[in-house]
């Protein structure tokens, strides 16, 4: 037999995550123990493992540890690897529970002494749990991929057919659709999986629940912290004012008015990866790794991005923060280069109701804006918004009927509004048949407007200046303005909120990642725009970086949920 010297203090630090817990059966660790001990490898011995998800001392937690279902440990599977090769595992039913203390124990395992890698999976179904065979390498087991996504949705992109996503892999991490009875899938971390087993420990000694003043580790009885494989997210709004879009109209900075209100907001999460690791890859010294971490970059194509684009309908209500928020579970997602198309984000859908007092329906001959919906109850079925023109909302009055007439009216209103903005009010109403004479150039001039080609997510109209030619037989047209605008039907609008862990600096590449066991609380504090008329508009340029200075680094929290509060402007 050979002997190795192990640094016990290094092992002690690996399991400190649970040392703050109140445990009536096992004493707390001594973080100051750093003495060396001599351990003989390969000698028969016994070991047992304890998992405790509740019972923290009052006043020691500043987090939300979740519901009973989110904390429950229904079963535990322990996998032991020696020198990188599978050695032994517990049986599917190898868990006992002390209901009075909330402490969970694995069955006692007969092993050999020495340094081991111990991997734990909790809350697997009787019909699904990983079973490594003799000779299975640690790398193979820890790299196991699982189909974990929130709902079996569809993949759809411009220029590609929608593809049905089959199966219900998401249930692996959500208690197989019945979290209260099955619990949420949990594992320990690779970075906290190294343990040293002492030789010659008897089965009776390993399975004790109380060791008095002795250290349980001396009897191969270890506590292992578990982490939920899923993250959790909710979306709320600060208060009623948060859903009111307030902005300055005109040039008077004190003239801040209510432009409109977002009604009945709902949310979901998009760009969810299908494949995730069963065990968390990475630690505080290395980036969080997910299966597609290195597969996407700023020059990627839809073929790369589509694996992230989980299409979930926004159906969960966005509630006031003081109410009862809706939550959803989402898988991990980290990227070496975060861009719009590969980062997970919250999609908020709602109905934007413009303030009828300020909806522009026309411009009169003197350049004054006409507010045709003021003091009436006519329905505003369609309205437009040109971001480059500020916060003004335009609509055709209900009195104008017929599609052709309504389009013509809207375009003419845009033309007149442009002339006012360009200090060319004298040309309002000018046409080819009724031009305006310019005394300086000695030529007749009029302005015209036509529909333009679509520019990205925007519709456009092109405004031209028409000047009488030198032969005075016609007019030469020069485009002077292309107005880009968004058009909304029945007020339906969408907002994107990038999921952030704001405990990290924005220059960290994992600032926009989703990490297991984190609880992301997204709280809308204000609206600074009308949003987008189509849900696909929020990812129209998937290759673009979210920010030129945005890169992130992973941070994995221990159970219970780490609460990440986020406030967001919808724009």
Taking the Cα atoms of the range 329-470 alone, what are Rg (to one decimal) and Dmax (as a whole number) in Å? 20.4, 71
Gyration tensor (alpha-carbon) shape descriptor, the range 378-450, a/c threshold 1.5: oblate
Given R₀ = 56 Å, FRET efficiency for residue 399-residue 68 by Cβ-Cβ distance, to 0.05? 0.40
Histogram of C-alpha separations across the range 421-539, 5 Å bin width, %: 2, 9, 12, 13, 11, 9, 9, 8, 7, 6, 5, 5, 4, 1, 1, 0
What percentages make up the Cα-Cα pair-distance distribution of the range 234-273 when the bins are 5 Å wide from 0? 5, 18, 19, 16, 14, 12, 8, 5, 2, 1
So for R0 = 51 Å, FRET eff. of residue 528-residue 469 from the Cβ-Cβ r, to 0.05, ends up at 0.65
Alpha carbon centre of the range 194-222 versus the range 306-334: separation in Å? 44 Å
Ranked output for segments 462-472, 350-360 by mean other Cβ atoms within 10 Å, highest leading, reads 350-360, 462-472
How long are the three semi-axes of the equivalent ellipsoid of the range 228-371, in whole Å, if each is the root of 5 times an eigenvalue of the C-alpha gyration tensor, listed from largest down? 41, 20, 14
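What ranking of 527, 196, 499 emerges when the number of other C-beta atoms within 10 Å of each C-beta is taken as an exposure proxy, fewest first?
196, 499, 527
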Run the quick spin-label model on residue 536 and residue 181: label points 7 Å from Cα toward the beta carbon, then report their separation in nm to one decimal. 4.1 nm
At 0.36 nm per residue, and after removing the present C-alpha to C-alpha distance, how many nm does the segment from residue 324 to residue 263 gain when stretched out fully? 20.2 nm
Quick one: which of 395-404, 105-114, 417-426 comes out on top by average Cβ neighbours within 10 Å, and what's the full order, highest first? 105-114, 417-426, 395-404
Theoretical gain in end-to-end length, residue 441 to residue 487 [0.36 nm per residue, Cα-Cα removed]: 12.7 nm
How would you order 221-231, 320-330 from highest to lowest mean count of nearby Cβ atoms within 10 Å? 221-231, 320-330
Once you have the Cα-Cα distance between residue 85 and residue 140, take 0.36 nm times their residue separation minus that, and quote the gain in nm to one decimal. 18.8 nm
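Read-outs throughout are calculated quantities, based only on the coordinates presented, and are distinct from any laboratory measurement. From a predicted model like this one, the values you see are computed outputs, not experimental measurements. Cβ sites come from the backbone with ideal geometry, for glycine too, and all protein chains shown count toward neighbours.
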